[in-house]
1. Somewhere in the stretch 234-257, is a residue of a type in the set (Asp, Glu) and surrounded by fewer than 24 Cβ atoms within 10 Å (Cβ to Cβ)?
2. Go through (1) of a type in the set (Gly, Ala, Ser); (2) assigned to a helix (DSSP H, G or I); (3) in contact (Cβ under 8 Å) with a residue 40 or more places away in the chain; (4) in contact with a Leu (Cβ under 9 Å, 6 or more places away or on another chain) and name the single condition Ala259 misses.
3. If His328 satisfies all but one of (1) surrounded by fewer than 19 Cβ atoms within 10 Å (Cβ to Cβ); (2) within 22 Å of the chain's Cα centre (by Cα); (3) within 30 Å of Val128 (Cβ to Cβ), what's the number of the condition it fails?
4. Can you name the strands (runs of 3 or more DSSP E) wholly within the stretch 509-551 that have at least 3 residues being modelled with pLDDT under 95, closer than 17 Å to Val579 by Cβ and not β-branched (Val, Ile, Thr)?
5. Consider Tyr360 carefully, then state whether it is of a type in the set (Phe, Trp, Tyr), surrounded by 24 or more Cβ atoms within 10 Å (Cβ to Cβ) and in the same structural domain as Leu278 (by TED's automatic domain parsing).
6. Looking only at residues in the stretch 6-28 that are in a loop (DSSP other than H, G, I, E, B) and of a type in the set (A, V, I, L, M), which one is farthest from Glu87 (Cα to Cα)?
7. Taking only the stretch 124-136 into account, find how many residues are more than 23 Å from Val204 (Cα to Cα) and touching a Lys or Arg at 6+ places or on another chain (Cβ under 9 Å).
8. Being crowded, with 21+ Cβ neighbours inside 10 Å, modelled with pLDDT of 95 or more, in contact with a helix residue (DSSP H, G or I) (Cβ under 8 Å, 6 or more places away or on another chain) and not aromatic (Phe, Trp, Tyr) is true for just one of Ile371, Ile393. Which residue is that?
Amino acid sequence: MFKRILIANRGEIACRIMRSCRRLEIETVAVYSEADSGSRHVAEADFAVPIGAASAAESYLRADRIVAAALASGAQAIHPGYGFLSEKLELLDACAGHGIVFVGPNRRAIQAMGSKIESKRLARAAGVVCLPGYDEDDQTPARLLEEAQRIGFPLLIKASAGGGGKGMRRVNAAEEFPAMLALARKEALSAFGDERVLLEKYIVNPRHLEVQIVGDRHGGLVHLFERECSIQRRFQKIIEEAPAQHLPAALATGLYEAALRLGQAMAYDNAGTVEFVLDADSNDTAYFLEVNTRLQVEHPVTEMTTGVDLVEWQLRVACGEALPLLQHEIHRRGWAIECRLNAEQPEHDFRASLGPLLGYAEPAGSAGIRIDSGLHARSQVSPYYDSMLAKVIGYGNSRGEAVARACAGIESLRIEGVASNAALLLQILRHPDFNAVLTTRFLERNFPHGPQPEPSIRLLHTLAVAAAWAAGQPVAPGVWGALRTFRLTGPVNQGVPVDLRLSDVSAASAAEAVPLLSAGDAYWLAARPALRANVQSDPQGWRVHITDHQDVDVTAHIRNTVPQRWFSWVLGRSLVWDVEHELEHSLHVGSEKNQDRSLSATLPGRISEVLVREGELVLAGAPLLTLEAMKLYHTLAAPLTGQIDRIHVTEGDIVAHGQLLLELGREIDEPLLAQTKEN
């Protein structure tokens, strides 16, 4: 076995690989960019080597720097994890040229499966059924249109070298084809440096299943059953499970056999995944999709149900050992469901959520709950990398038990300071249709506008923030109550009123009046007197214990970073608030117009474009700046009609949440603006 390996990755998967290495007594070397110098994977490694600037192109995608780090640190092997260089021949060849073992399959397998065109040709030769389509060398627009008409519409145009939905376009009719082809080729060339495409029949109601395979260098090859990956958003998986429900045994056996035939055709010799699409409208007819020649994000559900440590198997195979188990010795028990927690706001078109964590804690000692994460309490969610924060895996003897434990894991994993898709994941798991046959159209059909509002959860957030604010004031609540002009009057024995204004920054909502009452060490809202909050301070903020006479018994965590700005975490959901007393709000009303004359960053990111100049006259709502965060672009608009007074940023600047970007002069009436422009 290796004595020391380098992990050419970051975050969650780097920490996951280190867990297996520690158990096997293998030393680990972390690599890190400037943005990751304080990251958890760096702290947990035995050694750490810097490899460049924050952008992936100048760090984690630099094979030369990674190999140099391995040589300098004495690592015998490099584990690429997933993403970045995990399926790039560049890293494999660099390892081979310097006598370093690459923890992955052979070169031929990666090369063949790296091209969707070549992979389909190899699959057909191995007797594996592929989707009807076109993947030949003639890439002229005329030939592609001819083949598209033969296949029929709707169909998909796919980048041959693609993945993650890039270079992929659905075409519903022949007249759309030329424009969609041009867009797909442009994206493919930009993302992969290869504009070749293939055409595939579009399955209107598809299931997405995959089979885990592992091979060794002695001809051994086994499968570890299937995973269900149909819950997706924009071609990205968000919930996976093993086994797949509603899958007949004969169909499952056919998938295993097809995956093994393809693996044998490649002489596959490490961990990999053979992916299939099933037509739910045609008796689950199965077609080959692609092979991922690496460890998958969703590998934990296979590990939980088989008891196999896939990272350990990868290392043993790369070291030249035979597979630890034969096919008949591999068994599956129970059910596992994995949920990907991403730093995003589904209720706002999945807008990225970035910035520093204000608190982090994983559930301790919870049976059947596994957390795979690369976070700690000082982590920063930056715009440079993937949005995934952590994976929550629930395991149980039945699917229902796995669902319950996955929900419990999401609600008890405390990630404070940034928003996540926790609410959407919980609503998916608890939706009645989650027990039906799953297809990739699940979100489109059941959550077309993101998660449903959660008034009961929002109420808990509101009470917790208001109670923490009141408990943290230098004056007692009774003093606020004495300000009768700004209070709800009522009998003293019903509690002392403290009238607040809370604005949900996460939802960009207007400030709302919140009548809080207090007595002794308890706080409650006038509209919900049975719901009581008790506040306890801790070094970072406040813990608020909320109970009622029935089934509510939760603890909220509250943080206050700058005056008025408050962060709440309750049952897995994080929100951001501005809080002030009604008296303060009244005093500020007169200055609100001046505050509206500035534009601040709505989230951390990079200034992609500055669309105006100082001195320019603009209408309210006109685009002023474009902010890039996690590969998404957000346009910031003028809050009023007026003249650009001062611009504080330039293109390429990295900005923090709330940072001042631009200031406008006094507001101008639109008719006056038109007259000014005419003159």
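1. Within the stretch 234-257, one or more residues are of a type in the set (Asp, Glu) and surrounded by fewer than 24 Cβ atoms within 10 Å (Cβ to Cβ).
2. (4)
3. (2)
4. Ranges flagged: 512-519.
5. Working: of a type in the set (Phe, Trp, Tyr): yes; surrounded by 24 or more Cβ atoms within 10 Å (Cβ to Cβ): no; in the same structural domain as Leu278 (by TED's automatic domain parsing): yes.
Here the answer is no, as Tyr360 does not meet what is asked.
6. Once the filter is applied, the top-ranked residue is Leu24.
7. Of the residues in the stretch 124-136, 3 are more than 23 Å from Val204 (Cα to Cα) and touching a Lys or Arg at 6+ places or on another chain (Cβ under 9 Å).
8. One residue alone meets the criteria, Ile393.
The values are calculated or read from the model by the stated rules, or taken from the named source; none is laboratory data. A quick note: this is a predicted structure, and the numbers were derived from the prediction, not measured. With ideal geometry, Cβ positions are generated from the backbone for all residues, glycine too; neighbour counts draw on all protein chains shown.
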